[in-house]
Amino acid sequence: MKIASIELFVIQMPLKSPFLTHLGEVKDREGIIVKITNKDGLSGFGEGVAFSTPWYTEETVATCLHMLTDILIPLLEKHPIKHPEDASHLFSSVRRNNMAKAALETALWDLYSKSHSETLSKMIGGTRTVIASGVVVATDSTAKALQQIEQYLTEGYQRIKVKINPNQDYSFLAEIRRHYPDLPIMADANSAYTLKDIDRLKALDDFNLLMIEQPLGHDDIIEHALLQKEIQTPICLDESIVSFDDARKAVEFGSCTIINIKVGRVGGLYEAKRIHDYCFEKGIPVWCGGMIEFGISRAHNIALASLPGFTIPGDISASTRFWEEDIISPEVTVENGVIDVPLNPGIGYEINEKRLQKILLTKRTYPFTH
Ligand code: OSB
Ligand code: MG
């Protein structure tokens, strides 16, 4: 892969409405767009999905910029690669910083697929032509949650995820269930509980949830295994799984029976696919998580979710879920609960340059000299 230059665009866009969890509120989404151009003039795109502050993982936009600029881009310039998988191996000499690694690695996958005139989906082994779409309701008001669910169901979403915490769980879910007895619902706690809350968590078995996501510590797999023995609701891990080995250990240990795979959290598409392949073999269902992302990461998620083991609708919603106008063209749309896997090479969407310019904060260019 003969790289001519790498460009980093730092962007910021307001959300249509704030995204609220017990950890805080996201109102404005800052992010990093990576553009890698090869000597033939083809460009691949990736997205750094870290937030402005380290509330979800330890990375931030600023740490990602540092890692990209001072460590990962120089590493890639020094060690030319033939395939995106080589980048994954190359970056393994750097501890963690998975979202920074994924931002580059995913751009390399897009570029590699485009240079082979192949869709990213096919390039990574995808088999689906459409993927099932789910959406997240993140508010602290039951009335607003019910309103949003109603709206999302009319837009065709197949599955609803709600955010829960000890101040918003049993009666909140009871009210939603009362209105929607048969709706596929899951609950994401983002580590809001400890094992002391075991009775609260047991009580949630009443609601026939598809799963409860990350109830305990963000880096725990031990206590989740103890909890899973006590509750009927399947446990799904999100934050705790940052590598293939984490996934393997969590499955072997009984810490979860479902895994949320996020490309950024695990350091790229190669690692995401390895986790998928392992889970597929073990019969562990997986689904694709979301990061309140812009269109580029959304497109990478669509390709990932086209792999055969993604049997549960993921947090992959339409561009309009968060944005007045996305940075890709066409935008991601949901029809009858599904998103079409694009047929054009690479991620299959064009960049909306005008929109990108409008929300641009800073841009840096790194020409490769050899
Ligand atoms: O825990 O899944 C999560 C968004 C930001 C950070 C963490 C999480 C989320 C979501 C997904 O819940 C939202 C989305 O992009 O649809
Ligand atoms: Mg989650």
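Residues checked against (1) more than 29 Å from Y180 (Cβ to Cβ); (2) without any contact (Cβ under 8 Å) to a residue 24 or more places away in the chain:
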position	(1), (2)
K196	yes, yes
Q214	no, no
G217	yes, no
A247	yes, no
N260	no, no
V266	yes, no
E281	yes, yes
I292	no, no
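Please specify each residue of segment 31-53 satisfying the condition of being part of a strand (DSSP E or B) and among the charged types (D, E, K, R). I'd like the intermediate steps shown before the answer.
Residues of segment 31-53 part of a strand (DSSP E or B): 31-38, 43-48.
Hits for segment 31-53 are K35, E47.
Does T129 fit the bill of being open to solvent by 60 Å² or more (accessible area, probe 1.4 Å) and without any contact (Cβ under 8 Å) to a residue 40 or more places away in the chain? Spell out how you get there, then give the answer.
On the way: open to solvent by 60 Å² or more (accessible area, probe 1.4 Å): yes; without any contact (Cβ under 8 Å) to a residue 40 or more places away in the chain: no.
It is false that T129 is open to solvent by 60 Å² or more (accessible area, probe 1.4 Å) and without any contact (Cβ under 8 Å) to a residue 40 or more places away in the chain.
Kindly indicate whether any position in segment 95-102 is closer than 22 Å to V286 by Cβ and surrounded by fewer than 24 Cβ atoms within 10 Å (Cβ to Cβ).
Within segment 95-102, one or more residues are closer than 22 Å to V286 by Cβ and surrounded by fewer than 24 Cβ atoms within 10 Å (Cβ to Cβ).
Determine which member of the set P80, P84 is open to solvent by 20 Å² or more (accessible area, probe 1.4 Å) and either under 19 Å from the mean Cα position of the chain (by Cα) or more than 30 Å from I176 (Cα to Cα) (or both).
On the way: P84 fails: open to solvent by 20 Å² or more (accessible area, probe 1.4 Å).
Only one candidate qualifies: P80.
Open to solvent by less than 10 Å² (accessible area, probe 1.4 Å) and outside any loop (DSSP other than H, G, I, E, B): does that describe A250? Don't jump to the end; show me each part of the working.
Details: open to solvent by less than 10 Å² (accessible area, probe 1.4 Å): yes; outside any loop (DSSP other than H, G, I, E, B): yes.
Taking the combined requirement at face value, the residue satisfies it.
In segment 10-20, is there at least one residue being among the β-branched types (V, I, T) and part of a strand (DSSP E or B)?
Checked segment 10-20: at least one residue is among the β-branched types (V, I, T) and part of a strand (DSSP E or B).
Scan I339, I302, I312, I347 and give me the residue that is over 20 Å from V26 (Cα atoms), among the aliphatic types (A, V, I, L, M) and away from ligand 1 (no atom under 16 Å from the Cβ).
I347
Keeping to segment 193-227, report how many residues are open to solvent by less than 70 Å² (accessible area, probe 1.4 Å), under 25 Å from N98 (Cβ atoms) and away from ligand 2 (no atom under 16 Å from the Cβ).
Total satisfying the criteria: 1.
Hey, any hits in segment 54-61 for a residue that's assigned to a helix (DSSP H, G or I), at pLDDT 95 or above and closer than 29 Å to N190 by Cβ?
We begin by selecting, within segment 54-61, every residue assigned to a helix (DSSP H, G or I); these are 61.
Still in the running and at pLDDT 95 or above: 61.
The next check asks that each one be closer than 29 Å to N190 by Cβ; those that pass are 61.
The answer is yes, given that some residue of segment 54-61 is assigned to a helix (DSSP H, G or I), at pLDDT 95 or above and closer than 29 Å to N190 by Cβ.
Search segment 33-65 for residues being more than 16 Å from ligand 1 (Cβ to nearest atom), open to solvent by less than 60 Å² (accessible area, probe 1.4 Å) and among the aliphatic types (A, V, I, L, M), and hand back the single one that is farthest from L120 (Cα to Cα).
L65
Identify the single condition in (1) of a type outside the set (V, I, T); (2) part of a helix (DSSP H, G or I); (3) more than 16 Å from ligand 2 (Cβ to nearest atom); (4) under 24 Å from S191 (Cα atoms) that D28 does not satisfy, given that it satisfies every other one.
(2)
Can you tell me which residue among L15, L104, L90, L72 is over 16 Å from the mean Cα position of the chain (by Cα) and in contact (Cβ under 8 Å) with a residue 60 or more places away in the chain? Explain how you work it out, then say what you get.
Numbers: L104 fails: over 16 Å from the mean Cα position of the chain (by Cα); L90 fails: in contact (Cβ under 8 Å) with a residue 60 or more places away in the chain; L72 fails: in contact (Cβ under 8 Å) with a residue 60 or more places away in the chain.
Only one candidate passes the filter, namely L15.
The values are calculated or read from the model by the stated rules, or taken from the named source; none is laboratory data. Source: prediction; values computed, not measured. Note that each Cβ is placed from the backbone with ideal geometry, even for glycine, and that neighbours are counted across all protein chains shown. Surface areas here come from the heavy atoms of the whole protein model, side chains and all, with no ligands, DNA or RNA. Shrake-Rupley method; radii C 1.70, N 1.55, O 1.52, S 1.80 Å.
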